[in-house]
Amino acid sequence: MDGAEPLRPEPMEQPAGPREIQEDSRGQIMAVGTLACPACDAPVAPGPVPLLPPDPLSCPVCAHDAPVRDFLSLSAPTRPARVQVRVWLSARS
């Protein structure tokens, strides 16, 4: 950046007054693994919705159907189709 002006000439200011601090509600990461078909070893993309271990999943290559837990491998090294295994604490009434 030879003599270029900064993108923001003045620093950002913090808003005045009280602020709400929210806890991260996505849970704690327990492990990182690979989601791959147990039959043909093709990587499987989980999509945008979180999945539970007993949820049904299907391989896009060989159409093998099984629960998510059968597609999940926690062995190192992880490969493409990496996923995060998260744990949530549920509130009991």
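Values quoted throughout were computed directly from the atomic coordinates according to the rules given, and no laboratory measurement underlies them. Note that the structure is predicted; figures quoted are calculated from it, not measured. Every residue, glycine among them, receives a Cβ derived from its backbone with ideal geometry; neighbour counts consider all protein chains shown.
What to note about this one:
- Radius 13 Å from Cβ of VAL32, net charge of other residues (Lys, Arg +1; Asp, Glu -1): +3
- With a simple spin-label model that places each label point 7 Å from the Cα along the Cα-to-Cβ direction, the separation between ILE29 and ARG86 comes to 1.2 nm.
- The peptide list 45-54, 64-73, 27-36, 79-88, put in order of mean Cβ contacts within 10 Å with the highest first, becomes 64-73, 27-36, 79-88, 45-54.
- Cα pair distances exceeding 20 angstrom across the range 28-87, given as percent: 15 percent
- In order along the range 53-58, the phi-based Karplus estimate (6.51 cos²θ - 1.76 cosθ + 1.60, θ = phi - 60°) of 3J(HN,Hα) comes to x, x, 4, x, 9, 10 Hz; Gly and Pro are listed as x.
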